[in-house]
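Colleague: Here it is, the structure in full.
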Amino acid sequence: MQFIDKIIAVTGAGRGIGQEIARAFAAEGARVVLISRSESSCGSAAEEINKTFPGSCTAYAVDVASHDAVQELAKKIGDEIGAVNVLVNNAGVTRDGLLMRMKEEDWDTVLDTNLKGAFNTVKAFMRPLMKGENSRIINIASVIGLIGNAGQANYSASKAGLIGFTKAVARELAGRAVTCNAIAPGFITTDMTDELPETVKQAVIGKIPLGSFGNTEDIAKTVLFLASPAARYITGQVIAVDGGMTM
Ligand code: NDP
């Protein structure tokens, strides 16, 4: 129970990787704030985790791309729950397509959610994080931000940007002992990857030395490690959790 009395905010926690991260913190005694776009999504995710860990989770709906809405939400969370100790920026979307056919709105939606969303939340939660002890910011990037991918120029740029942002924030907040790291998942079984055609999945698996997609627990366990006292001397890093895909 290494996170008792800690308040953890996880964006994109309505399902998939974010929900698993929330569950993992709840299992370690944390008070978890689940944030997602729709109320029904984060609400049912919180309800599901609360069945096993009563009173651990509270849900708040917000579009992380909205600067003002995120500011308001951070204030509300501060008043209703308390000062956030760990911020996990996990909300992310894809709008795939070859560059020739990519619409401006596909570019904007992905950059606004995956990159500006993290800027918005870090800005909004910065004060409580700086005041607290052992505060952590953990950004969920992607191996696609490291190696690029045809058909994902918007997503690749957003995740590469998130990695640069991680390093800048790590440098800015190091003096306050706030660490900021990124995790770059490879291919993880969630709704996001369920959309891929079977032929594409098989081609991807062929490029993964460990021979399979990862699962949401592989990412949640890495997040918990980065949030733990054991990781106090790690900042500005990108940890690939990808079955060896990008080594
Ligand atoms: P899912 O599509 O399963 O879930 C995404 C979550 O993000 C949902 O809860 C969704 O909210 C939320 N979200 C999306 N847009 C916004 C927004 N504008 N404001 C607030 N919340 C939002 O994704 P995964 O679990 O698969 O992925 C989670 C993260 O991990 C993403 O950043 C993704 O890029 C990254 N990643 C995933 C990989 C994979 O293989 N799955 C690989 C590498 C990285 P709602 O439920 O309300 O729609």
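The values are calculated or read from the model by the stated rules, or taken from the named source; none is laboratory data. Note that this is a predicted model, so its numbers are computed, not measured. Reconstructed Cβ throughout: ideal geometry from the backbone, glycine too, with neighbour counts over all protein chains shown. Surface areas here come from the heavy atoms of the whole protein model, side chains and all, with no ligands, DNA or RNA. Shrake-Rupley method; radii C 1.70, N 1.55, O 1.52, S 1.80 Å.
Colleague: Output ³J(HN,Hα) for the range 69-80: one whole-Hz value per residue in order, computed from phi by the Karplus curve 6.51 cos²θ - 1.76 cosθ + 1.60 with θ = phi - 60°, and x for Gly and Pro.
Modeller: For the range 69-80, the Karplus-derived couplings read 5, 5, 4, 4, 5, 4, 5, 4, 5, x, 6, 8 Hz, x marking Gly and Pro.
Colleague: I need the peptides 146-155, 197-206, 2-11, 180-189 ranked by packing, meaning the mean over residues of other C-beta atoms within 10 angstrom, with the highest value on top. Present the calculation step by step, with values, prior to reporting the outcome.
Modeller: On the way: 146-155: 17.1, 197-206: 10.9, 2-11: 21.5, 180-189: 24.2.
Put in order of decreasing packing, that is 180-189, 2-11, 146-155, 197-206.
Colleague: Using θ = phi - 60° and the Karplus curve 6.51 cos²θ - 1.76 cosθ + 1.60, what whole-Hz ³J(HN,Hα) does each residue of the range 19-34 get, with Gly and Pro shown as x?
Modeller: Couplings: 5, 5, 4, 4, 4, 5, 5, 4, 5, 9, x, 7, 8, 10, 9, 9 Hz.
Colleague: Under 5 Å between amide hydrogens, which residues at least 5 positions from Ala240 or on another chain qualify, with H placed 1.01 Å from N in the peptide plane?
Modeller: Ala184
Colleague: State whether the range 55-121 is rounded, prolate or oblate according to the following rule on the C-alpha gyration tensor (a ≥ b ≥ c being the square roots of its eigenvalues): a/c under 1.5 gives rounded; otherwise a/b larger than b/c gives prolate, and the remaining case gives oblate. Could you put the intermediate results ahead of the total?
Modeller: Values: a/c = 3.27, a/b = 2.56, b/c = 1.28.
Judged from the Cα gyration tensor, the range 55-121 comes out prolate (a/c at least 1.5, a/b above b/c).
Colleague: Using helices alone, what [θ] at 222 nm do you get for the chain, with -39,500 (n - 2.57) per DSSP H run of 4 or more residues, divided over all residues and rounded to the nearest 500?
Modeller: Details: 10 runs with 112 residues, N = 247.
Roughly -14000 deg cm²/dmol at 222 nm, from the helical runs in the chain.
Colleague: Let me ask another. Collect residues whose amide H, placed 1.01 Å from N in the peptide plane, falls under 5 Å from the amide H of Lys6; neighbours closer than 5 in sequence don't count.
Modeller: Placed amide hydrogens put Arg31 under 5 Å from Lys6.
Colleague: To the nearest 20 Debye, how big is the dipole of the chain about its Cα centre, given +1 on the beta carbon of each Lys and Arg and -1 on that of each Asp and Glu? If you can, show how the numbers build up before the last one.
Modeller: Numbers: 24 positive and 26 negative charges, 166 e Å.
So the magnitude is around 800 debye.
Colleague: Along the positive direction of the dipole of the chain (beta-carbon charges: Lys, Arg +1; Asp, Glu -1; about the Cα centre), which of Phe119, Cys180, Ala30 reaches farthest?
Modeller: The one lying farthest along the dipole's positive direction is Cys180.
Colleague: Place +1 on the Cβ of every Lys and Arg and -1 on the Cβ of every Asp and Glu in the range 90-242, take the dipole about the Cα centre, and give the residue among Ala240, Val110, Leu210 whose Cα lies farthest towards its positive end.
Modeller: Positive-most Cα among the choices belongs to Ala240.
Colleague: Put +1 on the Cβ of every Lys and Arg and -1 on every Asp and Glu Cβ in the range 63-200; which of Val86, Leu98, Val64 then has its Cα farthest towards the positive end of the dipole?
Modeller: Toward the positive end, the furthest listed residue is Val86.
Colleague: Quick one: Karplus J couplings for the range 144-149, per residue in order, coefficients 6.51, -1.76, 1.60, θ = phi - 60°, nearest Hz, x for Gly and Pro?
Modeller: Values, residue by residue: 5, x, 9, 10, x, 7 Hz.
Colleague: For the Cα atoms of the chain, what angle does the longest principal axis make with the long axis of helix 216-227, in degrees from 0 to 90, nearest 10?
Modeller: Approximately 50 degrees, to the nearest 10.
Colleague: Within the accessible area of the chain, what % is carbon and sulfur when the probe is 1.4 Å and the other protein chains stay in place? Please list the in-between numbers first.
Modeller: Values: 6130 of 11830 Å².
Accessible surface attributable to carbon and sulfur in the chain totals 52 percent.
Colleague: A further question on this structure: When all alpha-carbon pairs of the range 93-135 are counted, what percent fall beyond 16 Å?
Modeller: Working: 464 of 903 pairs.
Here the long-distance tail beyond 16 Å is 51 percent of all Cα pairs in the range 93-135.
Colleague: Assuming 0.36 nm per residue, please report the length gained on full extension of the stretch Met247 to Lys221 beyond their Cα-Cα distance.
Modeller: Details: separation 26, 0.36 × 26 = 9.36 nm, distance 2.01 nm.
Between Met247 and Lys221, full extension yields 7.4 nm more.
Colleague: Based on the alpha-carbon gyration tensor of the range 99-247 and its eigenvalue square roots a ≥ b ≥ c, which shape applies: rounded if a/c is under 1.5, prolate if not and a/b is larger than b/c, or oblate? If you can, show how the numbers build up before the last one.
Modeller: Values: a/c = 2.42, a/b = 1.43, b/c = 1.69.
Since a/c reaches 1.5 but b/c is at least a/b, the shape of the range 99-247 is classed as oblate.
Colleague: Per residue, how much accessible area does the range 157-247 show when a 1.4 Å probe rolls over the protein heavy atoms, in square angstrom? Numbers along the way, then the final one.
Modeller: Values: 4690 Å² over 91 residues.
Averaged over the residues of the range 157-247, the accessible area is 52 Å².
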